[in-house]
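This report refers to the structure that appears directly beneath it.
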């Protein structure tokens, strides 16, 4: 018991302890990253010889990510670009909690064919909005390939830059879980969580796996994440993403009971799922990841998964977040499509979670602080299943697997017509940073694109 208590205390207080030791200079690790990478124009040296960035950055106290309603200037986007993509590698106290676990590139990476179309509307959106990458794939070829221009964030990234998943990691976790089922580590999506001691006395104990996959675990009394809101109903300040599973369950979900099963989108469920896969695979966990990414997806560049800086693996230290390159995101989407079309074991898993999808019924959500919550337009679908978004408005007659994440991260996969749209984005809101969802996501999937041979 003393050992467990000590582990919990380390988990809770380590990040704050590090913050207390942060040097006095403003954003020190960010400034060092700018200098180390040759962005000297953004750094000044003060009268004491201390380097400081000269950017006009606006942040919100207590928010690690860009506040949803914010309309950030370019300087702020530069800072958050560092924060999202690189800070975990620099010793930055904001992301010190996570250690990257590297999946090396495939020995035979998949090579895309290109038959590029010049799309002026996409180009204009890339200049005006906060998108980092736009890729459109159809019938075996990449037709549109755009990256953020230099005057936006193009001087800070290239095709090898690893881009953060945000909540697209939920769908990736599901895809990994499907492989764990097919390789015999887990029986099925209908298996009960009755073999993982860490869940004992919590509402998740003995539930069917599919209910967690569908975000319908009946945990809405304890976790409420719609809008900008806090993660734990009783404690908005608690960040479960920097804590192991054992700590969160012990503090907030011990002796809890399941409420009615309904859609309640939250990241803690996904954290449970990736750690359950790790528990069931044991020493084979990384072997499974290697198999998926190197042999199935055939990634060109290294992929980073994450775990907490925690001394005890059995307490649930895996984090579902991943970072991978823009083309490797597309490779992942293509692998999902190929599994579905080829009716592989994983393809059968994908079809099963599609069949078992549930309505979102967002209008029935409880209010918090007098506010009614909805999802951003790029994630606003009628149903959800297996950690994927389904039944997009205007695409209800198509089988579309959707990945979505904060900031406008969106990948739509038309598994029957071989069309994929992949957007990596820094920020999305209902104001100036709202990209055109209909023209960039829905219409290409709905109608496809004709190749204009004169522009090739």
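A few points about this structure:
- Taking label points 7 Å from Cα along the Cα-to-Cβ direction, residue 40 and residue 158 give a separation of 2.0 nm.
- Shape category assigned to segment 263-359 from the gyration tensor of Cα positions, a/c cut at 1.5: oblate
- Structure-based [θ]222 nm, the chain - -39500 (n - 2.57) summed over DSSP H runs of at least 4, per residue, nearest 500: -8500 deg cm²/dmol
- Footprinting exposure proxy ranking of 442, 423, fewest other C-beta atoms within 10 angstrom first, gives 442, 423.
- With contacts taken as Cα pairs under 8 Å at a separation of at least 6 residues, the chain carries a relative contact order of 20 percent.
- Percent antiparallel among DSSP beta bridges (both partners in the chain, rounded to 5): 95 percent
- Tensor-based shape of segment 199-268 (alpha-carbon gyration tensor, a/c under 1.5 rounded, otherwise prolate or oblate): oblate
- In terms of other Cβ atoms within 10 Å, 123, 450, 296 run from fewest to most in the order 450, 123, 296.
- Over all projection directions, the Cα-based convex hull of the chain averages an area of 22.2 nm².
- Taking 274, 101 and counting other C-beta atoms within 10 Å, the order from fewest to most: 101, 274
We did not get these values from a lab; they are worked out from the coordinates using the rules stated. Keep in mind it's a predicted model, so treat the numbers as computed, not measured. We place every Cβ from the backbone using ideal geometry, glycine too, and count neighbours over all the protein chains shown.
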